[in-house]
2 protein chains.
Amino acid sequence: MSPDPARSLAPIFQPRSVAFVGASNNFTTMGTVQMVNTLRGGFQGPVIPVHPSEPVVLGQKAYKRLTDLPEPVDLAVLIVPTAVVLDVVRDAIQRGIRHLVITTAGFREVGPEGAAREAELRELAAGAGLRFVGPNCIGVMNTHLGLNTTFFPYRHAPGGLSLASQSGTYITQTLELLARWGISLAKAASVGNAVDIDLADCLDYFADDPDTRAVGLYVEGIRDGRRFLAAARRCTARKPVVAVYVGGSEGGARSGHSHTGALAGPDALYDGVFRQAGILRAPDMASLYQWGWALASQPLPRGPRVAVLTHSGGPATSMADAVYRWGLELPLLPEALQADIKKRIPSTGSALNPVDLTFSMNPKLLGVKLPHMLLSEPGIDGLLIHGIQGSSFFGAMAEMARGLVNIEVEQLAEFTEAFVPPLVEMNRELGKPIVMSGFFGRDDNMVKRLQDGGIPYYDSPERAVSAMAALYRAGRLQARRG
Amino acid sequence: MSPDPARSLAPIFQPRSVAFVGASNNFTTMGTVQMVNTLRGGFQGPVIPVHPSEPVVLGQKAYKRLTDLPEPVDLAVLIVPTAVVLDVVRDAIQRGIRHLVITTAGFREVGPEGAAREAELRELAAGAGLRFVGPNCIGVMNTHLGLNTTFFPYRHAPGGLSLASQSGTYITQTLELLARWGISLAKAASVGNAVDIDLADCLDYFADDPDTRAVGLYVEGIRDGRRFLAAARRCTARKPVVAVYVGGSEGGARSGHSHTGALAGPDALYDGVFRQAGILRAPDMASLYQWGWALASQPLPRGPRVAVLTHSGGPATSMADAVYRWGLELPLLPEALQADIKKRIPSTGSALNPVDLTFSMNPKLLGVKLPHMLLSEPGIDGLLIHGIQGSSFFGAMAEMARGLVNIEVEQLAEFTEAFVPPLVEMNRELGKPIVMSGFFGRDDNMVKRLQDGGIPYYDSPERAVSAMAALYRAGRLQARRG
């Protein structure tokens, strides 16, 4: 069942114009920061401030009230005192504005008085056919459009992972961390108290959104299980969904309730809902982001049989052990393939699977030749590689060698980068997933190149394995549906 | 039972002089890099190259053979072709050198011929009372002495966590990652094939080492369970030990065997050994480092009751849920304390536990006043704080505000830094653990200050909880022994 097009969230995630009610020239207020973020983020449409007294806000002509706007905006963002929220909503309705983000808090989550206010808001909106995110939320983001009504800048490339979260923090304060990890987002919504638009609406929207290749959910509690299940099943039929649920314990339920007024339920109940919906459950937010990244960028493996390739015995063994713990398989390679590999690697290496080159720094072997041999093997469904790195390693060596020998870091970086495009290409051509790890960050030229080429690269071998397992599980969930 | 002092590892971890056999002026060889690392690391004693033809190596007078040295060195590091290892060991014995690091590979891990070579090495060493690390290892490190015979620089401050590892990678390639995470090391040894010095010897040494406040072990397989158990029990009676074991699965056992010739055993067996030894088992290397950091820097809590303090509802709820999953408790705060907190925080906040300030950026409240109130409460054994950050947040805001308002990032950084020393001091004075998280890195002035003040600060709320749980479990293990 498709959602009603008239109730589409397109004007919220893809507005042509945005008004900010509560932005001013005082940078210490949230509304100002949110408006600045949208101005600075590269959003192309009009960004219009609404302020009772200032004629110009952040360089833009301001209007006293929403009713004064010369024409309706697609989206109005409200960051006003709790006491005036309803009045501003009435203004919006009067001006023909049909989509809001209500950032203001002080509703259900603060007790009975707030709950009464929230009921009034709900009634008002329903009567006017208004659709809104919040209240008590951070806002929305569309990185492909430069739209970011949250209070923290998005400084990474647009990506394929979309998030819907009952916490604003997980789509704002984590943006820099995600950029450091190399993870890019498509769209994101902090649903707050989710009085109107909730996780189910977001799932419905993301299901049809071509920019969204995978979805991540942060869940404190679901009110309408039936609606959630329907939307989730519709979404998971098209793209993988991964969720964190934090309300299953006494502490989590209590904290979620005072955070967003969420009504939590037992862990086992949510496990069941997620299973029925075809949603992958992640144990923590780091896993949600990291698995979501792999799900948004890699093909799903046809089976559990993986190869591990590395030049380092410790991470090889960590990966090999984690493969089993995560329910994957590490088959011995066919003898002919073993023999072929043996010819190419040092005598101290191993060709059993893991394939361990030991101390060989031949980037073509590790980055192109062996990956191609392993991915071409019909008995291998996916490839884990640990240890490809570039400038950060050379840089450290060059620093050590200073005054002794001259290491041309830039030349080495260029030399090694030549091996990234073939790996990225074989990833696409052979249609099997590649997941990588290494201990260097995006300041390393190879790490950056690989990540930007769509290959997830984690700072932990075991994490890389868990992401491969997420791909495998998502594939099984999909197959069960199909 | 104390170890035999004559067999002490002091000359290996605290040598007064080191020779490198196999270092040259060719920077592409491992031995050269290892020697450079020790020269550059700040090691104060003589660093002497041994090379068959070059008279000067890396600016130091070289000797043709170890037998040519004017006097014995405390430690000789061998990075020579496999075929000549035994000859060089004979030279060492002849020159009265009693401690070696044998980096060279090509022994038990490569098959029967290597195993025979290894047996010969063992016999030779035993006959001469030689003690050695390796073969097939990366070397040793003493950050307090600037000693680092591995091939990667240690560029962080000296710390309290010592590592013994059957993988060299986990004490070399991870050094930059650990520095980025804020984790500092005391000593480290890559034991390789562990023909002589093994994990048990390292545990014995670390038990008595005043610089070592906690120990981390990477284990592929333990040959002499009885000896390991005795050394581990002696060590855990004095300081916490955390271990990763990767040989418990078919894949892990196979990989470990071709890596270091390790003989692995079933997971349950190792679980039992670790439990008897009072060793905490970690699920992966990231946890080993991260828990080890907390164990080396924080007091152990007297009980499982923690308080969670934050200005962010999502991480508060993640922490609250993780607290239960990790076997800790999150008691409701006493009503008088709740009332006292309520007076100080915004009306949208919560004082139940988690204490959530919501959108309040008052650093004194979050960083000093509330932590003191919570840690002083007798019913609270430890404190988790999420969200203290400084310059990286202001910096992002300042960048957004550019041309609109002027944010004095440096002034704000100085202002916020004033709140770190009182928190560090109350941590020591009240003797209860503080573990923190936030999504910014060490480029943030507050994160750096807190970490350098001895407070573990992770990039994930759930990770912070897991580290607090490690402290609690280590405390229970200690109490059971005492």
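Here, each number is a calculation from the coordinates, and none is a lab measurement. Computed from a predicted structure; not experimentally measured. We place every Cβ from the backbone using ideal geometry, glycine too, and count neighbours over all the protein chains shown.
To the nearest 10 degrees, how steep is helix B:285-297 against the longest Cα principal axis of chain B, on a 0 to 90 scale?
Its long axis makes an angle of about 70 degrees.
Let me check I've understood the local charge: for A:Ile197, count other residues with C-beta under 11 angstrom from its C-beta, Lys and Arg +1, Asp and Glu -1. What total comes out? Let's see the in-between values first.
Numbers: positive: A:Arg7, A:Arg131; negative: A:Asp196, A:Asp198, A:Asp201, A:Asp204.
Taking every other residue near A:Ile197 into account, the sum is -2.
Grab the Cα-Cα distance for A:Arg238 and A:Glu399, subtract it from 0.36 nm times how many residues apart they are, and report the gain in nm with one decimal. Each step should come with its number before you reach the end.
Values: separation 161, 0.36 × 161 = 57.96 nm, distance 4.95 nm.
Going from the current span to full extension adds 53.0 nm.
Measuring from centroid to centroid over Cα atoms, what is the spacing of segment B:30-50 and segment B:376-439 in Å?
Segment B:30-50 and segment B:376-439 have Cα centres separated by 40 Å.
Alpha carbons only, please: Rg and Dmax for chain B, in angstrom.
Gyration radius and largest Cα-Cα distance of chain B: 25.0, 79 Å.
Any chance you could run the full-extension gain for B:Glu414 through B:Ala157? It's 0.36 nm times the residue separation minus the Cα-Cα distance, nm to one decimal.
Stretched out fully, the B:Glu414 to B:Ala157 stretch lengthens by 90.3 nm.
Given the Cα-Cα distance of A:Gln60 and A:Leu86 and 0.36 nm per residue of separation, how much length would full extension add, in nm? Walk me through the intermediate numbers first.
Details: separation 26, 0.36 × 26 = 9.36 nm, distance 2.52 nm.
Going from the current span to full extension adds 6.8 nm.
Can you tell me the orientation of helix A:313-325 relative to chain A, as the angle in degrees between its alpha-carbon axis and the longest Cα principal axis, to the nearest 10?
Helix A:313-325 and the main axis of chain A meet at about 60 degrees.
Whole-Hz Karplus ³J(HN,Hα) for segment B:7-24, in order, using 6.51 cos²θ - 1.76 cosθ + 1.60 and θ = phi - 60°, x for Gly and Pro?
The phi angles translate into 9, 4, 8, 3, x, 7, 8, 9, x, 8, 8, 9, 10, 10, 9, x, 6, 8 Hz.
I need the peptides B:68-74, A:84-90 ranked by packing, meaning the mean over residues of other C-beta atoms within 10 angstrom, with the highest value on top.
A:84-90, B:68-74
Among the lysines, which have Cα under 30 Å from the Cα of A:Lys61 when same-chain residues fewer than 8 positions away are ignored?
Cα-Cα hits under 30 Å: A:Lys187.
Under 5 Å between amide H atoms, partner at least 5 residues away or on a different chain: which partners does B:Phe20 have, H built in plane at 1.01 Å?
Under 5 Å from the amide H of B:Phe20 lie the amide H atoms of B:Ile48, B:Val50, B:Val77, each far enough along the sequence or on another chain.
Provide the packing ranking of B:223-231, A:334-342, i.e. peptides ordered by the mean count of other C-beta atoms within 10 Å per residue, highest first. Let's see the in-between values first.
Values: B:223-231: 16.6, A:334-342: 14.4.
In descending order of packing, they fall as B:223-231, A:334-342.
Provide an ascending nm list, one decimal, of label-point separations from A:Gly225 to the equivalent residue in each further copy; define each label point as 7 Å from Cα along Cα→Cβ.
The projected label point of A:Gly225 is separated from its counterparts by 4.6 nm.
Please compute the alpha carbon radius of gyration of segment B:190-255, then divide it by the globular-protein estimate 2.2 N^0.38 Å. Two decimals is fine. All intermediate terms of the calculation are to be shown ahead of the outcome.
On the way: Rg = 12.2 Å, N = 66, 2.2 N^0.38 = 10.8 Å.
Segment B:190-255 yields a ratio of 1.13.
Given 20 °C and 1.002 mPa s, compute D for segment A:1-122 with the Stokes-Einstein relation, Rh being the Kirkwood radius over Cα pairs; round to the nearest whole µm²/s. Before the final figure, lay out each step's value.
Details: Rh = 15.0 Å.
Using the Kirkwood radius from Cα pairs, D works out to 142 µm²/s.
Tell me the angle of helix A:391-401 to the major Cα principal axis of chain A, expressed in degrees between 0 and 90 and rounded to the nearest ten.
Between the helix axis and the principal axis of chain A, the angle is about 60 degrees.
Local charge sum around A:Asp459 (other residues, Cβ-Cβ under 14 Å, Lys/Arg +1, Asp/Glu -1)? It would help to have the intermediate numbers written out before the result.
On the way: positive: A:Arg180, A:Arg442, A:Lys448, A:Arg463, B:Arg180, B:Arg463; negative: A:Asp443, A:Asp444, A:Glu462, B:Glu176, B:Asp284, B:Asp459.
That works out to 0.
Tell me, what HN-Hα J-couplings in whole Hz come from the Karplus equation 6.51 cos²θ - 1.76 cosθ + 1.60 at θ = phi - 60° for each residue of segment A:190-206, using x for Gly and Pro?
Result, ordered by residue: 9, 7, x, 6, 6, 5, 10, 6, 10, 4, 4, 4, 4, 4, 4, 5, 4 Hz.
Taking just the alpha-carbon atoms of segment A:299-481, what radius of gyration and Dmax come out, in angstrom?
Using the Cα atoms of segment A:299-481, the pair Rg, Dmax is 16.3, 63 Å.
Check cross-link reach from A:Lys369 to the lysines: straight Cα distance under 30 Å, and skip same-chain residues fewer than eight apart.
Leaving aside lysines fewer than 8 places away in the same chain, those within reach of A:Lys369 are A:Lys342, A:Lys343, A:Lys432, A:Lys448.
Note the distances from A:Gln60 to each other copy's matching label point, with points 7 Å along the Cα-to-beta-carbon direction, in nm, sorted shortest first.
6.5
Work out, in µm²/s and without decimals, the Stokes-Einstein translational diffusion coefficient of segment A:149-299 at 25 °C, 0.890 mPa s, Rh from Kirkwood over C-alpha pairs. Numbers along the way, then the final one.
Details: Rh = 15.2 Å.
Once the numbers are plugged in, D ends up at 162 µm²/s.
Tell me, what HN-Hα J-couplings in whole Hz come from the Karplus equation 6.51 cos²θ - 1.76 cosθ + 1.60 at θ = phi - 60° for each residue of segment B:158-164, using x for Gly and Pro?
Whole-Hz 3J(HN,Hα) from phi for segment B:158-164: x, x, x, 9, 10, 10, 10.
Quick one: which residues, 5+ away or cross-chain, put their amide H under 5 Å from the amide H of A:Val133? H built at 1.01 Å from N.
HN-HN under 5 Å from A:Val133: A:Leu100, A:Val101, A:Ile102.
Would you mind getting me the FRET efficiency between B:Arg428 and A:Glu113? Use the beta-carbon distance for r and R0 = 35 Å, nearest 0.05. Please report the intermediate quantities before stating the final value.
Numbers: r = 44 Å, r/R0 = 1.25.
Efficiency computed from Cβ-Cβ geometry: 0.20.
Stokes-Einstein at 4 °C, 1.567 mPa s, Kirkwood radius from Cα pairs: D for the protein assembly as shown in µm² s⁻¹? Display every interim value, and only then the final one.
Numbers: Rh = 29.5 Å.
It comes out at roughly 44 µm²/s.
If you take each beta carbon of peptide B:372-381 and count the beta carbons of other chains within 10 angstrom, what is the mean? Intermediate results must be reported in sequence, preceding the final value.
Details: counts 0, 0, 0, 0, 0, 0, 0, 0, 0, 0.
The mean count of partner-chain Cβ atoms within 10 Å per residue comes to 0.
Let me check I've understood the local charge: for B:Asp74, count other residues with C-beta under 14 angstrom from its C-beta, Lys and Arg +1, Asp and Glu -1. What total comes out? Could the numbers behind the result be given before it?
Working: positive: B:Arg16, B:Arg95, B:Arg98, B:Arg131; negative: B:Glu71.
Net charge in that neighbourhood comes out at +3.
Between B:Gln276 and A:Gln478, what is the spin-label point distance in nm, taking each point 7 Å from the Cα along the Cα→C-beta axis?
Reported label-point gap for B:Gln276 and A:Gln478 is 4.8 nm.
What FRET efficiency would be calculated for the residue pair B:Thr28, A:Asp443, taking the C-beta separation as r and a Förster radius of 25 Å, to the nearest 0.05?
Details: r = 23 Å, r/R0 = 0.94.
For R0 = 25 Å, the calculated efficiency reads 0.60.
Just to confirm the numbers: A:Glu429, label point 7 angstrom along the Cα-Cβ line, distances to the other copies in nm, shortest first?
The answer, with the shortest distance listed first, is 6.8 nm.
What does the structure give for A:452-465 when I average, per residue, the other chain Cβ atoms found within 10 Å of the residue Cβ? Don't skip to the end; give the middle numbers.
On the way: counts 0, 0, 0, 0, 0, 0, 1, 5, 7, 4, 7, 3, 0, 1.
What the average comes to for A:452-465 is 2.
Using only DSSP helix segments of four residues or longer, with each worth -39500 (n - 2.57), what per-residue ellipticity at 222 nm results for chain B after dividing by its residue count and rounding to 500?
Details: 18 runs with 196 residues, N = 482.
My calculation for chain B gives -12500 deg cm²/dmol from helical runs alone.
Using a 10 Å cut-off around each Cβ of peptide B:175-182, what is the average number of partner chain Cβ atoms that fall inside? List each step's numbers first, then the result.
Numbers: counts 2, 10, 6, 1, 0, 6, 1, 0.
Taking the mean over all residues of the peptide, I get 3.
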